[in-house]
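A.B. asks: Have a look at this one before I ask anything.
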Amino acid sequence: MKSLYIMGTPGSGKTVVALGLAQKLQQEGYKVGYFKPVAEGRKISGSADMDAVLMKEVLGLKAPLEKIAPVPASPFYLSAQSALKDAQTRIMDAYEEISNDTDVVLIDGALSIDILSSHGLDCISLARKTGAFALLVLKVENDYSLDNAIFLNRHLLLEGVPVIGTIFSNVPRPLYAKTDGVYRPILEQAGCKTLGVFPTRPEIAAPTVGEYYNVLGGEILTGHDRLNLLVEDVIIGAMTMASALTYLRRAANKAVILGGDRADLALAALETSTSVLILTGGLYPDVKVIARAEEMKVPVILVHYDTYTTIEKLGQVSRHIQPSDRESIRAALENIVDYCDWKYILSKLNKL
């Protein structure tokens, strides 16, 4: 049995890489297990980790959810020390159970590599304990992302964790050519293998209207049955009509955030490619806005925060693939097939 610890930076899409790689390994005839030792993400019904639910259903895993994701860790985990009682023992016992009768176990890292370092349960410590190879998945934002890749590769090797390679994931289109043509060679010169460069794909990276509503709360005024629409851009409606029209026409599948009293701007937004109107300040809109939104089948969400607070909360919104999202699940596999050197991964695993 071999194990691969998928770790990296927040928002890089580690679970999506695990999902795609697991499907490809299954296609190649491998028995694949999935393990998320530290589950700090969102949950279903207050108990089950959503990533564990996704992988269990898509991969047909037999292990119970409490074994797949044995230890929860919220950002304020020190206030709930009981949740970490015997955490290391629970993690290793669960890992042993997950790894039984499997060829490969994909271990999904926490939000960032350092989480639970205070308890020796960070990604690096657990990779050493499980004897796993590391697969780095990193988000590209600018040239510092290259430095981050080199630093993490070196640090893992110094810590005694062998690195199978690096995947640059969710790479914005304007940075794709630079990542593939500049970052990749520099990383290779530093002695680090680049396994793939994945472009941003809306069906994987873009949150849905429903995920915005889950974070913002409020009241859904229209479009209750359209919460699955993707949001690829955000426009803040704090501008004059003349200035706003240019931005509204330029952005597709967007969320428009504006005060409930800006009927003129709301109506203009509804004439462009808009996925959702988010009205701030608790101000109910003009009846014309509601009527037009219903006609255009655009959800309208009324929140009681001011615009600044609403924008701050948007940082908590992230895409989370559901087991029913067949298109997103297929896209995760396509990323591995089209953009990843999966044969190299197989060759390394077969040598272990």
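A.B. asks: Kindly indicate whether any position in the range 19-34 is at pLDDT 90 or above, within 14 Å of the chain's Cα centre (by Cα) and assigned to a helix (DSSP H, G or I).
C.D. replies: Let us first name the residues in the range 19-34 that are at pLDDT 90 or above, namely 19-34.
Going one step further and asking which of them are within 14 Å of the chain's Cα centre (by Cα), we end up with 19-20.
Checking which are assigned to a helix (DSSP H, G or I) leaves us with 19-20.
Yes, there is a match, as at least one residue in the range 19-34 is at pLDDT 90 or above, within 14 Å of the chain's Cα centre (by Cα) and assigned to a helix (DSSP H, G or I).
Residues checked against (1) closer than 24 Å to Thr166 by Cα; (2) open to solvent by 20 Å² or more (accessible area, probe 1.4 Å); (3) without any contact (Cβ under 8 Å) to a residue 12 or more places away in the chain:
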residue: Ile6; (1), (2), (3): yes, no, no
residue: Val17; (1), (2), (3): yes, no, no
residue: Gln26; (1), (2), (3): yes, yes, no
residue: Pro37; (1), (2), (3): yes, no, no
residue: Ala80; (1), (2), (3): no, yes, yes
residue: Glu97; (1), (2), (3): no, yes, no
residue: Asp103; (1), (2), (3): yes, yes, no
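A.B. asks: Additional query: Somewhere in the range 211-224, is a residue under 23 Å from Ala332 (Cα atoms) and either within 18 Å of the chain's Cα centre (by Cα) or modelled with pLDDT of 95 or more (or both)? Spell out the reasoning first.
C.D. replies: Narrowing the range 211-224 to residues under 23 Å from Ala332 (Cα atoms): 211-212.
Subset that is either within 18 Å of the chain's Cα centre (by Cα) or modelled with pLDDT of 95 or more (or both): 211-212.
Yes: one or more hits.
A.B. asks: Looking at (1) open to solvent by 30 Å² or more (accessible area, probe 1.4 Å); (2) assigned to a loop (DSSP other than H, G, I, E, B); (3) of a type outside the set (Lys, Arg); (4) outside the structural domain of Ser12 (by the TED database), which one does Gly191 not meet, given that it meets all the others?
C.D. replies: Every condition holds for Gly191 apart from (4).
A.B. asks: Further question on the same structure: Checking His224 against (1) of a type outside the set (Gly, Ala, Ser); (2) in contact with a Gly (Cβ under 6 Å, 6 or more places away or on another chain); (3) touching a residue at least 24 places away in the same chain (Cβ under 8 Å), only one condition comes out false. Which one?
C.D. replies: Every condition holds for His224 apart from (2).
A.B. asks: Identify the residue in the range 269-289 that is farther than 17 Å from His224 by Cβ and of a type in the set (Gly, Ala, Ser) and, among all such residues, is least open to solvent (accessible area, probe 1.4 Å).
C.D. replies: Result: Ala269.
A.B. asks: Applying the selection to the range 201-238, what residues are in a helix (DSSP H, G or I), within 22 Å of Gly11 (Cβ to Cβ) and open to solvent by 30 Å² or more (accessible area, probe 1.4 Å)? Steps first, please.
C.D. replies: Of all residues in the range 201-238, those in a helix (DSSP H, G or I) come to 202-205, 209-216, 224-226.
Keeping just the survivors that are within 22 Å of Gly11 (Cβ to Cβ) gives 202-205, 209-216.
The answer is Pro202, Glu203, Ala205, Tyr213, Asn214, Val215.
A.B. asks: If I go through the range 174-206 residue by residue, how many of them are at pLDDT below 90 and out of contact with any helix residue (DSSP H, G or I) (no Cβ under 8 Å at 6 or more places or on another chain)?
C.D. replies: Here the count works out to 3.
A.B. asks: Here's a follow-up. Just to confirm my filter: which strands (runs of 3 or more DSSP E) fall fully inside the range 95-185 and include at least 3 residues that are within 22 Å of the chain's Cα centre (by Cα), farther than 19 Å from Leu349 by Cβ and of a type outside the set (Ser, Thr, Tyr)?
C.D. replies: It comes to 163-171.
A.B. asks: Something else now. Answer yes or no: is there a residue in the range 51-66 that is closer than 28 Å to Leu333 by Cβ, in contact with a His (Cβ under 9 Å, 6 or more places away or on another chain) and of a type outside the set (Asp, Glu). Give the derivation first.
C.D. replies: The initial filter retains those residues of the range 51-66 that are closer than 28 Å to Leu333 by Cβ, namely 51-66.
Next, only the ones that are in contact with a His (Cβ under 9 Å, 6 or more places away or on another chain) stay: 51, 54.
Still in the list and also of a type outside the set (Asp, Glu): 54.
The answer is yes; a qualifying residue exists.
A.B. asks: Would you check if Ser74 is touching a residue at least 40 places away in the same chain (Cβ under 8 Å) and either surrounded by fewer than 21 Cβ atoms within 10 Å (Cβ to Cβ) or in a loop (DSSP other than H, G, I, E, B) (or both)? Break it down stepwise before answering.
C.D. replies: Values: touching a residue at least 40 places away in the same chain (Cβ under 8 Å): no; either surrounded by fewer than 21 Cβ atoms within 10 Å (Cβ to Cβ) or in a loop (DSSP other than H, G, I, E, B) (or both): yes.
In short, no.
The values are calculated or read from the model by the stated rules, or taken from the named source; none is laboratory data. Since the structure is predicted, the reported quantities are computational estimates derived from the model, not experimental observations. All Cβ positions, glycine included, derive from the backbone under ideal geometry; neighbour counts span all protein chains shown. Keep in mind that these areas ignore ligands, DNA and RNA; they rest on the heavy atoms of the full protein, side chains included. Shrake-Rupley method; radii C 1.70, N 1.55, O 1.52, S 1.80 Å.
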